[in-house]
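The values are calculated or read from the model by the stated rules, or taken from the named source; none is laboratory data. Everything numeric here is computed off the predicted structure, so don't read it as measured data. What goes into the accessible areas is simple: the full protein's heavy atoms, side chains included, and nothing from ligands, DNA or RNA. Shrake-Rupley method; radii C 1.70, N 1.55, O 1.52, S 1.80 Å.
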Amino acid sequence: MNQITPAITWATPAAIVYGTALSNAQLDASTTVAGTFVYSPAAGTALTAGSHTITVTFTPTDSTDYKTATQPFR
């Protein structure tokens with residue numbers, strides 16, 4: 001089986017002020033394949049001061065033809 005890894009498009013996350021919870025403004029990855037996105041840390045998380053890596057994992061609905069894909073963003 002030759003599964004395709006879906007391309008994830010994710011613009012540079014919008015900057016947030018310290019203490020502001022992550023929202024759809026930062027967690028807005030997309031792909032042309034149907035499926036679901038899970039972010040780590042999740043929406044609603046208030047990050048500590050400094051730089052952080054946010055990771056998105058995309059699970060395709062069609063797991064026969066497509067692989068799960070993960071993309072970090074720092």
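What to note about this one:
- Antiparallel content of DSSP bridges confined to the chain, in %, to 5: 95 percent
- Ligands, DNA and RNA are left out, and with a 1.4 angstrom probe the accessible area of the chain is 64 Å² per residue.
- Phi-based couplings in Hz for the stretch 60-74 (Karplus 6.51, -1.76, 1.60; Gly and Pro marked x): x, 5, 8, 7, 7, 9, 10, 8, 5, 10, 10, 9, x, 9, 10
- When semi-axes √(5λ) of the Cα gyration tensor in Å is calculated for this entry, the matching label among (i) 25, 12, 9; (ii) 17, 14, 10; (iii) 27, 10, 10 is (iii).
- Ordering I54, I4 by accessible surface, largest first, gives I4, I54; the 1.4 Å probe counts only protein heavy atoms, with every chain in place.
- Between A14 and T68, the contour length at 0.36 nm per residue exceeds the Cα-Cα span by 16.9 nm.
- Contact order normalised by residue count of the chain, Cα under 8 Å, 6+ apart, percent: 36 percent
- Between the amide H of T55 and those of S40, F73, distances stay under 5 Å, these residues lying 5 or more places away or on another chain, with hydrogens modeled in the peptide plane.
- Remark on G35: its backbone amide H falls under 5 Å from those of T61, a criterion applied only to residues 5 or more positions apart or on other chains, H modelled at 1.01 Å from N.
- Apportionment of accessible area to carbon and sulfur, the chain, percent (1.4 Å): 54 percent
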